[in-house]
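Everything on this sheet refers to the single structure shown next.
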Amino acid sequence: MWSKPATLALKAEVYLWSGKKMNGGSSDIETALNALNSIKTDKLRLQPDFADVFAYDNKGNDEILMSVRFQDLESGINYFRYMWIHASAVPGDAPQEVKDIVYPIGPGQGIIVASDEYRKQYTEDDTRKNASFLEIYSKDQETGENKFYVSVVLKGKGLVRDGDRIFADDIILYRYADILLMKAEAKNALGQDPSAEINEVRKRAYKDKYEEHIYVNSTKEANDAAILKERLLELAFEGKRWWDLVRFDKAFDLVPSLREHKGEDYMMLFPIPLSTISVEPKVTQNPGWDK
């Protein structure tokens with residue numbers, strides 16, 4: 001449900017976009033930062049462990065500002081089932097500890113997976129890695145070596161009841177770690193030091209290894225790169241990445257399939273379906289897609 005902190009988070013995101021992509025400039029970004037600084041409540045905090053944010057029995061925890069709430073009977077429309085593994089994708093020689101995690105599979109589809117490009121971004125001491133996805137290995141019949149086989153997204157894995165998996169996790173729209181990193185983004189855009197917010201997120205992620213990952217304020221470009229990567233590691237599979245890449249002007253640099261299309265900015269907007277245009281003649285095709 002809506003709350004004042006959630007409203008301020010939405011306001012901040014809108015003004016970050018208008019400031020960076022719609023010629024709003026520093027004035028709009030200052031408005032965004034003021035909104036983020038106004039999000040104050042005694043109950044809002046990071047969960048002690050990253051995995052706790054997504055635990056089914058911890059819905060509505062103190063890190064979450066706003067989410068779409070799901071109940072058991074609404075699980076059929078929850079997109080997390082598209083991120084869970086399909087029964088046919090589990091290798092026969094998967095170790096028992098893997099089977100204990102993925103079974104029962106329920107209506108898992110295995111359509112959305114952690115890509116190689118994404119998985120290699122994590123260091124082994126980042127606790128977010130094993131809480132975000134599971135890597136499954138299978139033995140190569142020729143060499144006898146264990147090789148990567150498939151990955152499974154662990155955010156939104158639902159609950160198991162009566163031998164079935166029910167995907168009824170809430171879909172988080174805003175949480176405190178997101179707020180911290182938006183604040184870092186706004187501060188950096190205004191020439192301020194964003195390291196405090198980056199490090200607050202990292203402190204939970206790396207725990208006793210945190211001191212090896214303390215971020216020190218650098219150039220505006222380096223800070224932006226650090227913030228964008230931190231948002232990837234922290235917020236993957238939460239519906240943020242594409243929009244972050246567009247807002248930071250990095251889609252053509254960091255999306256493998258777009259790298260050869262750099263300069264073709266029309267691709268930042270999807271084409272309007274011809275079926276829509278055919279029934280509404282006042283709708284015109286987005287520039288670049290009418291070739």
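The values are calculated or read from the model by the stated rules, or taken from the named source; none is laboratory data. Just so you know, these numbers come straight off a predicted model, no measurement behind them. Backbone-built Cβ (ideal geometry, glycine too); neighbour counts: all protein chains shown.
What to note about this one:
Residues checked against (1) in contact with a strand residue (DSSP E or B) (Cβ under 9 Å, 6 or more places away or on another chain); (2) among the aliphatic types (A, V, I, L, M); (3) farther than 30 Å from Tyr15 by Cβ:
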residue	(1), (2), (3)
Tyr149	yes, no, yes
Tyr176	yes, no, no
Ala196	no, yes, no
Lys207	no, no, yes
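- Annotation: of all residues in the range 196-221 being among the aromatic types (Phe, Trp, Tyr) and in a helix (DSSP H, G or I), the one that is farthest from Ala236 (Cα to Cα) is Tyr210.
- Boolean, Pro5 is buried (at least 16 other Cβ atoms within 10 Å of the Cβ), assigned to a helix (DSSP H, G or I) and not basic (Lys, Arg): yes
- Matching entry among Phe50, Phe54 (being touching a Lys or Arg at 6+ places or on another chain (Cβ under 8 Å), over 30 Å from Gly191 (Cα atoms), of a type in the set (A, V, I, L, M, F, W, C) and not assigned by TED's automatic domain parsing to the domain that holds Leu154): Phe54
- Residue that is surrounded by the fewest Cβ atoms within 10 Å (Cβ to Cβ), among those in the range 235-252 that are in a helix (DSSP H, G or I) and touching a Phe, Trp or Tyr at 6+ places or on another chain (Cβ under 8 Å): Arg247
- Here the helices (runs of 4 or more DSSP H) wholly within the range 78-193 that include at least 3 residues being surrounded by fewer than 17 Cβ atoms within 10 Å (Cβ to Cβ) and more than 17 Å from the chain's Cα centre (by Cα) are 96-102.
- Matching entry among Asp28, Asp52 (being assigned to a helix (DSSP H, G or I) and more than 26 Å from Gln192 (Cβ to Cβ)): Asp52
- Residues of the range 58-75 classified as in contact (Cβ under 8 Å) with a residue 12 or more places away in the chain and out of contact with any strand residue (DSSP E or B) (no Cβ under 6 Å at 6 or more places or on another chain), total: 8
- Qualifying residue in the range 83-91 (condition: under 25 Å from Tyr174 (Cβ atoms) and assigned by TED's automatic domain parsing to the domain that holds Phe148): yes
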